[in-house]
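Have a look at the structure below, then the notes.
The values are calculated or read from the model by the stated rules, or taken from the named source; none is laboratory data. Every value quoted in this text rests on a predicted model; they were computed, and no experiment measured them. Don't worry about glycine lacking a Cβ; one is built from the backbone with ideal geometry, like all the others, and counts go over all protein chains shown.
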Amino acid sequence: MATVPYTQWQPFVQVYVPDCPKALIIEAIRQACIEFCQYSRFWRKELDGFYTVATDAEYELITPTDSTIADILLIKVNKEPLEAKTQDDLESIYSEWREQNGKPKYFFMRDKTNIVLVPIPDAAYPVRLLVSLKPTQTAQGVDSIIFEEHKEAIKFGALAYLMMMPNKEWSDQNGSVFYKQQFIELSTKAKTIAEQGFNLRKSFRVKPNYF
């Protein structure tokens, strides 16, 4: 999908806070997009699959440019889903889980880009992943599906962010509370839609019928 720059939102926000500098509005839009994506898990993507390597437990996940993982929704190894565990959980399952070899059953995230499979793979197994994404703090835009489907939610989130600032010409505590509530309500609706799978776009190959 194409990326929509945050500047596309600016006119829709600026009209409510005409004295606010453009750079600050863009930052508010960025933070609203990040919060929206983190909470709603609406921006979803199937990452490129790969094969495990015997004796290698840790794998780096490559996300689209200017995005990072908000959550791992599903990992399948050899067509079987893995269960997310904490390192404390694994201590109770395997006495020496760091040295356990076999077909992976569990995973945990070492950080935002690396996953660890447990047990350590003992062969080459196919891996498929479905994740939810969010923009990075340095991104200048977000996937167009957010703008197309949730322009109002991001506008409300940005306004709540800006109006919460103290001692500014655009400060408005009551307005901030109002727009934050609108943002939460629309984000919750987006989360419900995402859980039903409506936002995961797929390409289909159609076989033509000849008459």
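Here are some residues: Pro18, Pro11. Which one is part of a loop (DSSP other than H, G, I, E, B), over 16 Å from the mean Cα position of the chain (by Cα) and under 30 Å from Asn167 (Cα atoms)?
Going through Pro18, Pro11 in turn, just one is part of a loop (DSSP other than H, G, I, E, B), over 16 Å from the mean Cα position of the chain (by Cα) and under 30 Å from Asn167 (Cα atoms): Pro18.
I'd like to check something: does the range 31-42 contain any residue that is more than 23 Å from Ser132 (Cα to Cα) and in contact with an Asp or Glu (Cβ under 6 Å, 6 or more places away or on another chain)? Full working, then the answer.
Going residue by residue through the range 31-42, those that are more than 23 Å from Ser132 (Cα to Cα) are none.
Looking for residues that are more than 23 Å from Ser132 (Cα to Cα) and in contact with an Asp or Glu (Cβ under 6 Å, 6 or more places away or on another chain), one finds none in the range 31-42, hence no.
Restricting to the range 138-153, give me the number of residues that are among the aliphatic types (A, V, I, L, M), buried (at least 18 other Cβ atoms within 10 Å of the Cβ) and under 13 Å from the mean Cα position of the chain (by Cα).
2
Scan the range 13-36 for residues that are surrounded by fewer than 23 Cβ atoms within 10 Å (Cβ to Cβ) and touching a strand residue (DSSP E or B) at 6+ places or on another chain (Cβ under 8 Å) and jot them down.
Initial filter on the range 13-36 (surrounded by fewer than 23 Cβ atoms within 10 Å (Cβ to Cβ)): 14-24, 26-27, 31, 34-35.
Within the range 13-36, just Ile34 meets the criteria.
Regarding the range 42-58, can at least one residue be identified that is small (Gly, Ala, Ser), closer than 17 Å to Asp111 by Cα and more than 10 Å from the chain's Cα centre (by Cα)? So that I can check it myself, show each step before the final result.
Of the range 42-58, the ones small (Gly, Ala, Ser) are 49, 54, 57.
Next cut, closer than 17 Å to Asp111 by Cα only: 57.
If we keep only those that are more than 10 Å from the chain's Cα centre (by Cα) as well, we get 57.
Yes: one or more hits.
Give the residue that is nearest to the chain's Cα centre (by Cα), with candidates limited to residues of the range 75-101 that are surrounded by 13 or more Cβ atoms within 10 Å (Cβ to Cβ) and within 30 Å of Ala139 (Cβ to Cβ).
Ile75
Quick one: in the range 154-200, which of the residues that are among the charged types (D, E, K, R) and within 15 Å of the chain's Cα centre (by Cα) is surrounded by the fewest Cβ atoms within 10 Å (Cβ to Cβ)?
Step one: of the range 154-200, the residues among the charged types (D, E, K, R) are 155, 168-169, 172, 180, 185, 189, 191, 195.
Then keep just the ones that are within 15 Å of the chain's Cα centre (by Cα); that gives 191, 195.
On the way: Lys191: 16, Glu195: 13.
Going through the qualifying residues, I end up with Glu195.
Mind listing whichever residues of the range 104-144 are aliphatic (A, V, I, L, M) and in contact with a Phe, Trp or Tyr (Cβ under 7 Å, 6 or more places away or on another chain)?
First, the residues of the range 104-144 that are aliphatic (A, V, I, L, M): 109, 115-118, 120, 123-124, 127, 129-131, 133, 139, 142.
Result: Ile115, Val116, Leu117, Val118, Ala124, Val127, Leu133.
Among (1) touching a strand residue (DSSP E or B) at 6+ places or on another chain (Cβ under 7 Å); (2) at pLDDT below 95, which single condition is Asp48 missing?
(1)
What about Tyr59, is it among the hydroxyl-bearing types (Ser, Thr, Tyr) and part of a strand (DSSP E or B)?
Working: among the hydroxyl-bearing types (Ser, Thr, Tyr): yes; part of a strand (DSSP E or B): yes.
Answer is yes for this residue.
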